[in-house]
Each structure stands twice: as structure tokens, then as C-alpha cells.
1. Pairs please, first residue from region 36-52 and among the β-branched types (Val, Ile, Thr), second anywhere and open to solvent by 70 Å² or more (accessible area, probe 1.4 Å), Cβ atoms under 7 Å, 6+ apart in sequence or on different chains.
2. Take the residues in the chain that are among the aromatic types (Phe, Trp, Tyr) and part of a loop (DSSP other than H, G, I, E, B); name whichever of them is surrounded by the most Cβ atoms within 10 Å (Cβ to Cβ).
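The values are calculated or read from the model by the stated rules, or taken from the named source; none is laboratory data. Keep in mind that this is a model prediction, so the values were computed, not measured. All Cβ positions, glycine included, derive from the backbone under ideal geometry; neighbour counts span all protein chains shown. With ligands, DNA and RNA removed, areas are computed over all heavy atoms of the protein, side chains included. Shrake-Rupley method; radii C 1.70, N 1.55, O 1.52, S 1.80 Å.
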Amino acid sequence: MKCPVCGEDVDMFDICDNCGWQNDGPEEKETNLKGPNKMTLKEARKAYKSGIKVV
């Protein structure tokens, strides 16, 4: 599957080697904060595009 932040290949529930986002699975929501990520998916996408570290 593709990382929902940067689009690189990543396994379900693994941490993306490219951007550092931990994939929360197929039902991941853009605005929910859950799991080990400190940003929402929407915040992480914006940070990645701006060159800010995704946490």
C-alpha cells in the first residue's frame, strides 16, 4: 500500500522509511489523532509538503 502522507510504498501499520509516518491502516482518517503519530494525517501532509519533520 502507499503511505497516506508521501505516497511511498509502506506495509500496513509500518513506519514509512521516507517520511516517518506510522500507517494506521486502511480506515485512517485525515483529522483523527490516534496511535503513535503526534500529528493528524492532514497536519502531516501539510508538514511533509513544507519540508517539516512528520511526527
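1. What qualifies is Thr40/Glu30; Thr40/Thr31; Thr40/Asn32; Thr40/Leu33.
2. Top of the filtered list is Trp21.
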